[in-house]
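The structure appears below as structure tokens.
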Amino acid sequence: MMKSSSLILRDLRQSLKRTFSGSPGLMLFPKDGGFVLYNPKEGSIQRNQGDFSGCRFLANSGNWLLVLDSVSNLYILDVFSHRKIPLPSLESIDSADCTIKRVGDRVFERHDSDCIFSDLSSDVVRGLLWVSESGKEYVVVWLFDLPGHSYLSFCKNGDTHYTDIPLFYHQDLHRYDGLSDMVLSGDRLYISTSRRYVRILDLSCPQGFYNDITGRTPFPMLSRHDQRYDSSIAVNTSGEVLLVESDPYNRTWFRLYKNDPDVENPDWACHTVVEVDSLGGEALLLDLGYTVPANKALGIEPDCIYFTRHFRPCHCTPRDLDICVFSLATKTLDRFPDLDKMNLMDARWFLPGN
């Protein structure tokens, strides 16, 4: 007796869950469309089923993807079950200062209080995603990633519209202006400003609100080499902000930094961080921007950085893919040469159910 197509698909999805159970995997995005799941531990590849023509994959969290389709609809997708969670339309923003108007399938206008951003393409939408292990709670953050754009937008499960987060302030708070990087860890958003000060926002408030919990003494993340190398912020399991650097022209090393406790006045310091050689036994998924507990049985190596590329918001120079794992303990780099043949557009590390 032949199985129905639905039973075959169910069996395939159960097989995928077993294949990637707890181990770090890669979501690979070929240039010809769709996505592929790759298990480095076993060397196995599974091409995902479904029509994703014209889609952009903006972010991931566990086995969930943040997807923007060909007509600029935003939704969350479980890559194993194919369950979809629809999100508010991009123009659904409740704001006293601005409105967003759709002028085509992929084109928008944003009217702020003092300017108009026209011809905003969905091609420049960037996003972050967090989904709980149960799949019932989520947070989505997105923006039109263009120089001078002054807002982020976010929503949570149960929200019917997005809430704006301004990226500009009055002159006395100029250090909070702009955006150079951001990390979403649970319902907390970490924003690195143009001057590398780190803001921390609690997004768990009722719809339309968020809480700035940065404190009275924000700290800039400045190394001695800040302008020479690619850099990203990350957050460990205790909520401590880290800085990670690497050389875009010779990706053979990574440097890890923490706040220097001996800096007395960070506003006047040229460098405010100190280099460290350990993640405290944790592993850093730099694509996601946060650390996870190491587990050698699952292939999650301690004091290792899992990397695909530096791709910060407002980063005008694109970076090539460089899928690798760097050990801070041995200063060695492991790559995956078999993936070079796949003509990839993008890739992301993920931990199923994390």
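Each value in this text was obtained by applying a stated rule to the coordinates, not by laboratory testing. Computed from a predicted structure; not experimentally measured. Cβ atoms come from the backbone with ideal geometry, glycine included; neighbour counts cover every protein chain shown.
Of the Cα atoms belonging to the stretch 126-243, the radius of gyration and Dmax stand at 14.4, 44 Å.
Straightening the chain between H82 and C115 buys 7.8 nm, computed as 0.36 nm per residue apart minus the Cα-Cα spacing. Both radii are taken from the alpha-carbon atoms of the stretch 221-280; with Rh as the Kirkwood radius, Rg/Rh is 0.97.
Can you tell me how much longer the chain between Y249 and D94 gets when fully stretched, taken as 0.36 nm per residue apart minus their C-alpha distance, in nm with one decimal?
51.5 nm
Within the listed set R102, R56, R126, the Gaussian network model of the chain (springs between alpha-carbon atoms below 10 Å) gives the highest mean-square fluctuation for R102.
May I ask you to compute the full-extension gain from E240 to R106, defined as 0.36 nm times their residue separation minus their alpha-carbon distance, rounded to one decimal in nm? It would help to have the intermediate numbers written out before the result.
Working: separation 134, 0.36 × 134 = 48.24 nm, distance 3.80 nm.
Taking E240 through R106 to full extension adds about 44.4 nm, to one decimal.
Shown in residue order for the stretch 179-188 are the 3J(HN,Hα) couplings computed by the Karplus curve 6.51 cos²θ - 1.76 cosθ + 1.60 at θ = phi - 60°: 8, 10, 6, 7, 9, 10, 10, x, 9, 10 Hz (x for Gly and Pro).
The distance between label points at C314 and E42 comes to 4.4 nm (points 7 Å beyond Cα on the Cα→Cβ vector).
Based on other C-beta atoms within 10 Å, arrange V103, V67, V241 from fewest to most.
Fewest-to-most ranking of V103, V67, V241: V103, V241, V67.
Between the stretch 279-294 and the stretch 297-354, the alpha-carbon centres lie 12 Å apart. Our compactness index for the chain, the C-alpha radius of gyration over the empirical 2.2 N^0.38 Å, is 0.99. Here r is the Cβ-Cβ distance between D260 and S132 and R0 is 35 Å; the resulting FRET efficiency, rounded to 0.05, is 0.55.
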